[in-house]
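Single-structure report; data block below.
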Amino acid sequence: MRKPLIAGNWKMNTKLEEAENLVRAMLAELDSIESVEKVLCPPFISLAAVKGLIKDTSIKLGAQNMYFEDKGAYTGEISPPMLIGLCDFVILGHSERRQYFAETDELINKKVKKALESGLTPILCVGESPEENEAGRTEEKITMQINAGLAGISPTSQLIIAYEPIWAIGTGKAATGKQANATISLIRGILANLWNKETAKAVRILYGGSVTSSNIDEFISEPDIDGALVGGASLKADEFVGIVRQTSDLKSTR
Ligand code: PGA
C-alpha cells in the first residue's frame, strides 16, 4: 500500500513570521489527519522555525532544493548535511529550477543520488512544456527525464516522483485526472523498465500543477496518483487543509 502524500511547495513566498503564522493556522487540523503524509516545504530560512512548530506532530518538513556537495566554496548553496536532522524530504529538479536556474538532468541526477545517500527522500519533479505537450512529445520527454534523473541509482521506493506538466503550473489550468493518471502510469512503466515491477509499484507518484481543494478529488480518485505537490494553494491554510482532508476521505473509502 502506498500511503497518500500531499506536499506544499511554498516556493519563494513567506517571510519568517508569515511562515510561522501559516503553520500555526493549519497545525492542529493537519496533525489530526493521520492517513495522509503531510509535507511542508517552506523557504530555507524558515525551516528551523517550522521544525520547532511541528515538533511532536505528524507533519513533516521538506526543502525546495539542495546542492550535491557536503561543504565548500559554493556561495549561496545549501548542502545535504545542513538539511539532515532538519527535514526528511527535498524537492529536486522542479521545472522552475530547470527553467530559471538552468538545472540539467545531469545535475539533478547528482542531487538525487546524494539525497538518497544522505537519507533524505527526494521528490523528483518531471514534466513537459506546453510546446512538447502540443507536439505529442510528452512520453518522450518524461522518459528522458526519468532515465537521466535516475541514472546509476539502485531501485528504491525511498523516492517520490512528482509529475508536473509545465503548462499546468501556476496557470489555473490543471491537467484532468485522466490525463495525469495516464502519464503517471507511463512513469510506472518507465520505472519498471529501468528498475523492476515491484519497485515501480511501490514508488509514490504525485501530480502537481494548479491543484486546489476544488479539483483534488479528480486526481486522488485515479488509481496511479498517490497525492499532490501543491504550490499556490499550499499558501492558504484552509485550502491546504481541505486538500489533505479530501485526500484522506477519498483514499480511505477506496
Ligand atoms: P501550483 O504549483 O500548484 O501553484 O500550480 C505546483 C508546483 O509548482 O509545485
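Bear in mind these aren't lab numbers, they're just calculated from the coordinates by the rules spelled out. Just so we're clear, the structure is a prediction, and the values are computed from it rather than from any experiment. Neighbour counts run over all protein chains shown; Cβ positions are idealised from the backbone, glycine included.
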Next item on the list: Tell me, yes or no, whether segment 16-28 has at least one residue that is part of a strand (DSSP E or B) and buried (at least 19 other Cβ atoms within 10 Å of the Cβ).
Entry: no
Check: Taking the stated definitions as given, is SER221 more than 16 Å from the ligand (Cβ to nearest atom), within 17 Å of PRO165 (Cβ to Cβ) and surrounded by fewer than 17 Cβ atoms within 10 Å (Cβ to Cβ)?
Finding: no
